[in-house]
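Below you'll find the structure, written out as structure tokens, and then a few comments.
The values are calculated or read from the model by the stated rules, or taken from the named source; none is laboratory data. What you are looking at is a predicted structure, and each value in this text was computed from that prediction instead of being measured. Heads up, the Cβs are rebuilt from the backbone with ideal geometry, glycines too, and the neighbour counts pull from every protein chain shown. SASA here: full protein model, heavy atoms, side chains in, ligands and nucleic acids out. Shrake-Rupley method; radii C 1.70, N 1.55, O 1.52, S 1.80 Å.
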Amino acid sequence: MTDLFGDADLPQRGREDLAPGAVLLRGYAGPEADALTDGIAAVAAISPFRHMVTRGGFAMSVAMTNCGSGGWVSDRRGYRYQALDPETGAPWPAMPAPFRALAQDAAAEAGYPGFAPDVCLINRYQPGAKMALHQDQDEADFSQPIVSVSLGLAAIFRFGGLNRSDPARKVPLLHGDVVVWGGPSRLYFHGIDSLKPGTHPVCGDVRLNLTFRRS
Ligand code: MD3
Ligand code: FE
């Protein structure tokens, strides 16, 4: 059927500067969504999603796994990257080729050519899951950006500034959205509001987020 209004059924594409060094690429990962969800299922078959425990001893509401040459882990000893999955005792699954390609392309598109992520943290949000305001400081080199990819249900993302008390902006992150965080924004406080229940045609009742990092 002819669609007089163009691709009304496709997610909005476009680019928006969110903060100094932070670029939102709306819908950038949309065409790759099936390859990404297939990759996530393959990773989770080897290193299953689990609710890690914080240093304070509380289980996180977000379920996580990793792929790549290392993975981000949290337990009573704190936060760190490690080469072995503590649940399986084996190396994390390799980063699927389409993951790496998307992260590198998005980083270049946002002005960070040559980004070479070695780890990908995969977050799974079920209704009610949230991530408190925090900074990502467990990596060795803050001059390297972080590329984040959102899939499935939409969530409200909050980001402030370099100080916890800085005023926060709220941005909805939708299926296929990619955000590249570099420059000063790399150390901005950020978090995710409690996920509202819903059903997404590709991902069902969850939100998935990939963060590509150079550990
Ligand atoms: C801003 N994840 O895994 S992605 C995280 O949606 C994390 O699961 C959220 O925060 C999620 O650490 C947010 C957007 C994001 C990721 C990394 C950042 C924003 C960032 C690093 C620095 C500044
Ligand atoms: Fe973060």
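One line per residue, one yes/no per condition, for (1) over 21 Å from Arg207 (Cβ atoms); (2) within 13 Å of ligand 2 (Cβ to nearest atom); (3) over 14 Å from the mean Cα position of the chain (by Cα):
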site	(1), (2), (3)
Asp136	no, yes, no
Gln144	yes, no, yes
Leu153	no, no, no
Gly161	yes, no, yes
Gly176	no, no, no
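Using the structure shown, decide if Asp141 is of a type in the set (Asp, Glu) and farther than 21 Å from Phe49 by Cβ. Before you say what the answer is, go through the steps one by one.
Numbers: of a type in the set (Asp, Glu): yes; farther than 21 Å from Phe49 by Cβ: yes.
So Asp141 passes the test.
With the requirement that a residue be in contact with a Pro (Cβ under 7 Å, 6 or more places away or on another chain), farther than 15 Å from Leu133 by Cβ and within 11 Å of ligand 1 (Cβ to nearest atom), what does the range 155-180 give you?
Result: Val180, single match.
Please go through the range 81-114 and give me each residue that is over 28 Å from Leu195 (Cβ atoms) and within 16 Å of ligand 1 (Cβ to nearest atom), ordered by number.
Answer for the range 81-114, where residues must be over 28 Å from Leu195 (Cβ atoms) and within 16 Å of ligand 1 (Cβ to nearest atom): Gly111, Tyr112.
If Gly57 satisfies all but one of (1) open to solvent by less than 50 Å² (accessible area, probe 1.4 Å); (2) under 17 Å from Pro117 (Cβ atoms), what's the number of the condition it fails?
(2)
Among the strands (runs of 3 or more DSSP E) contained in the range 147-190, which hold 3 or more residues that are open to solvent by less than 10 Å² (accessible area, probe 1.4 Å)?
Numbers: elements: 155-159, 169-173, 178-181.
Result: 178-181.
Restricting to the range 61-74, name every residue that is within 13 Å of ligand 1 (Cβ to nearest atom) and open to solvent by less than 40 Å² (accessible area, probe 1.4 Å).
If we filter the range 61-74 for residues that are within 13 Å of ligand 1 (Cβ to nearest atom), which is where we start, we get 61-66, 71-74.
Val62, Ala63, Met64, Thr65, Asn66, Gly71, Trp72, Val73, Ser74, listed by residue number.
So in the range 75-92, with the set limited to residues that are open to solvent by 10 Å² or more (accessible area, probe 1.4 Å) and not in a loop (DSSP other than H, G, I, E, B), which one is nearest to ligand 2 (Cβ to nearest atom)?
Here the answer is Tyr79.
Can you pull out the residues in the range 50-99 that are at pLDDT 95 or above and among the basic types (Lys, Arg)?
If the condition is that a residue be at pLDDT 95 or above and among the basic types (Lys, Arg), then Arg50, Arg76, Arg77, Arg80 are the ones that fit.
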